[in-house]
Amino acid sequence: MEQETCRNGEQENPHALNVRNLSWQPQALDTPVLSDVSFVMEKGHFYGILGANGSGKTSLLRHLLRLLPSEKAVCLGGTFLEEYRQKELAKILSYVPQSTASEADFTARELVMMGRTPYIGRFEAPKERDVEAVHEAMRLTNCLAFADKSILCLSGGELQRVVTARAVAQETDWIFLDEPVSHLDVKHQVELMEIMGGLCGKKAVTVVAVLHDINLAVRYCDELLMMKEGKLYASGKTEAVVNAKNLRAVYGMDFEEAVTASGRRYLVPAAG
């Protein structure tokens, strides 16, 4: 079946993800979780999604992944998400959720190999290319040391790195992460953000991450979306979007800005 396009006659970047007037209200709620959200994401950027708890960040991400119905409000490369076959979409988009729970006794390497599922035929064994992709993904995410260890025996931070490696091994043009550093110590938080930034710069991968740490977002994301009460409050270049006015509006509190010895901006909540 031929895919339905969503260009609406305008010249559209064939690699862009375009969201037009996305709204969503579950039947159980009296108010919408997302309301009239519109933006465009271009290939090769590191996007951060910021906002207070309940602002709609994760719901937005799930719509971009077709995990929630978007009623043809999300368009990727001129085609509605609904028009992609699942296996085709799995070669374009990969996902690192907030947490992963598994009762199955897989090794870390076996879990990462699951990222190669879109490329391995039914009843086929992994090919040399698949093995290489898994090894490189685990090397990048610093989890080769426990490749043969059961995921049931991994710490929360170790498991998060393995799940991230699975997304990297999938070799997609778009990687979506939902609070990817929440289970990681400071060292591995920085390592993961460096890895994602490197994928953007060297391989033109587009990374979209829901983040709570404003300073990590400022340091690594070149574009930001700020959510407030289910609406897109501000979006654009990080240096333009992150300011006292926007932070106060989104988080309901004042922030103070400092500059580190290396010249980096650093934002902290102002004292009451």
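Average accessible surface for segment 176-233: 40 Å² per residue, computed with a 1.4 Å probe over protein heavy atoms with every protein chain in place. What a 1.4 Å probe finds exposed on segment 45-149 is 52% carbon and sulfur by accessible area, rounded to a whole percent. Proximity of backbone amide H atoms, modeled 1.01 Å from N, is registered between LYS149 and ALA108, ARG109 at under 5 Å, excluding neighbours fewer than 5 places apart on the same chain.
Based on the alpha-carbon gyration tensor of segment 199-257 and its eigenvalue square roots a ≥ b ≥ c, which shape applies: rounded if a/c is under 1.5, prolate if not and a/b is larger than b/c, or oblate? It is prolate, given that a/c is not under 1.5 and a/b is the larger ratio.
Note on LYS57: aspartates and glutamates with a C-alpha under 16 Å away, same-chain residues under 8 apart excluded, are ASP36, ASP178, GLU179, ASP213, GLU223, GLU229. Per-residue extension of 0.36 nm, minus the Cα-Cα distance of ASP36 and SER150, leaves a gain of 36.6 nm for this segment. Bridging of LYS245 to lysines at a Cα separation below 17 Å is possible for LYS228, LYS231, LYS237, once same-chain residues fewer than 8 apart are set aside.
Here segment 193-271 has 52 percent of its accessible surface on carbon and sulfur atoms, given a 1.4 Å probe and all protein chains in place. The stretch between ASP254 and LYS127, if pulled fully straight at 0.36 nm per residue, gains 40.3 nm over its current Cα-Cα span.
If you count the DSSP beta bridges with both ends in the chain, what percent of them are antiparallel, to the nearest 5? Walk me through the numbers before you get to the answer.
Working: 23 of 41 bridges.
For the chain, the DSSP antiparallel bridge percentage is about 55.
Annotation for segment 206-224 versus segment 154-195: alpha-carbon center distance of 14 Å. The residues of segment 34-80 present an accessible area of 33 Å² per residue when probed at 1.4 Å with all protein chains retained.
The values are calculated or read from the model by the stated rules, or taken from the named source; none is laboratory data. Everything numeric in this text was worked out from a predicted model, so none of it was measured. Ligands, DNA and RNA are stripped out before the accessible areas are found, and what is left, the full protein with its side chains, is counted by its heavy atoms. Shrake-Rupley method; radii C 1.70, N 1.55, O 1.52, S 1.80 Å.
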